[in-house]
1. Mind listing whichever residues of segment 76-91 are more than 9 Å from ligand 2 (Cβ to nearest atom) and under 12 Å from residue 50 (Cβ atoms)?
2. Condition check: assigned to a helix (DSSP H, G or I) and within 13 Å of ligand 2 (Cβ to nearest atom). Does residue 114 satisfy that?
3. With the requirement that a residue be small (Gly, Ala, Ser) and closer than 21 Å to residue 41 by Cα, what does segment 154-189 give you?
4. Find the residue count for segment 34-54, including only residues that are on the phi < 0 side of the Ramachandran plot, more than 8 Å from ligand 1 (Cβ to nearest atom) and not in a helix (DSSP H, G or I).
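FYI, it's all coordinate maths here, none of it is from the lab. The structure presented is a predicted model; accordingly, all values stated were derived computationally and were not measured. Here the Cβ is made from the backbone with ideal geometry for all residues, glycine too, and neighbour counts use every protein chain on show.
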Amino acid sequence: MIEFKHVFKSYGRGPNILADINFHIQPGEFVFISGPSGAGKSTLLRLIGGLETPTRGAVHVKGNRIDQLPARAQPYIRRNIGLILQDVHLLNDRRAIQNVMLPLEVLGVEYKIAAKRARAAMEKVGLAGKEDQYPIEMSGGEQQRLAIARAIVNKPAIVIADEPTANLDAVSAKRIMDVFKDFNRVGVTTLIASHDRALMAHYARRTLLIEPDRFSDLIGTPL
Ligand code: ADP
Ligand code: ADP
């Protein structure tokens with residue numbers, strides 16, 4: 001589903017952030033990306049999402065070399081990967097449901113169908129009844145779930161979330177993780193960057209640990 005082959009990544013003339021990274025994630029896996037701040041977790045996720053290209057090496061996603069897809073293939077990536085980045089980028093002048101409908105609008109889906117699918121996506125993340133609120137009227141946890149609804153409204157095969165529980169209390173964090181677990185249960189390949197040890201101890205099956213001089217592919221959670 002996702003494969004890195006000898007991937008190196010540096011920014012400009014800077015040092016290698018990632019050096020000779022190799023791993024293979026099978027369909028339906030639930031994987032944490034962990035490591036200290038600045039180690040390269042976001043960089044790794046952005047490489048999978050096609051938002052960055054590797055300096056060297058190959059990034060395969062669903063059988064395609066994502067690093068070699070031309071710019072016009074970006075919509076293809078969007079359809080297959082639900083990205084939840086650290087800055088959730090909700091539009092505050094649009095109601096919650098309109099935010100969720102955005103990716104469908106971009107794809108030219110008819111309004112009525114888009115609204116129906118957006119409502120279903122909001123229900124899946126526990127936001128039924130909040131369709132007409134504006135994002136600023138929602139709590140941090142609700143905003144995060146709204147961003148998740150927007151990312152999954154296309155039913156992507158892969159969901160990638162960068163620190164989705166940062167700044168949330170334990171109860172909201174657990175709710176977010178349960179949302180991801182629900183998607184994973186129906187076969188969605190799920191990658192989550194986090195350095196929340198308590199959360200990983202509870203949820204991690206496999207962890208890719210990025211440290212300044214080391215990359216480890218672990219079963220379970222790092223100690
Ligand atoms: P993490 O998500 O683990 O905190 P990042 O992938 O965000 O780490 O960043 C890894 C390193 O790469 C950091 O030193 C960061 O400053 C640097 N970096 C990230 N993005 C860029 C960029 N666009 N240009 C230059 N340096 C960057
Ligand atoms: P913008 O740069 O103005 O956010 P984009 O065309 O990049 O516009 O994205 C359109 C909408 O789709 C935005 O709301 C964006 O957050 C959302 N979006 C972009 N990429 C993805 C993705 N891979 N998965 C889910 N939603 C996405």
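1. Hit for segment 76-91 is 76, nothing else.
2. For residue 114, the condition - assigned to a helix (DSSP H, G or I) and within 13 Å of ligand 2 (Cβ to nearest atom) - is met.
3. Matches in segment 154-189: 157, 161, 166, 173.
4. Within segment 34-54, residues that are on the phi < 0 side of the Ramachandran plot, more than 8 Å from ligand 1 (Cβ to nearest atom) and not in a helix (DSSP H, G or I) number 5.
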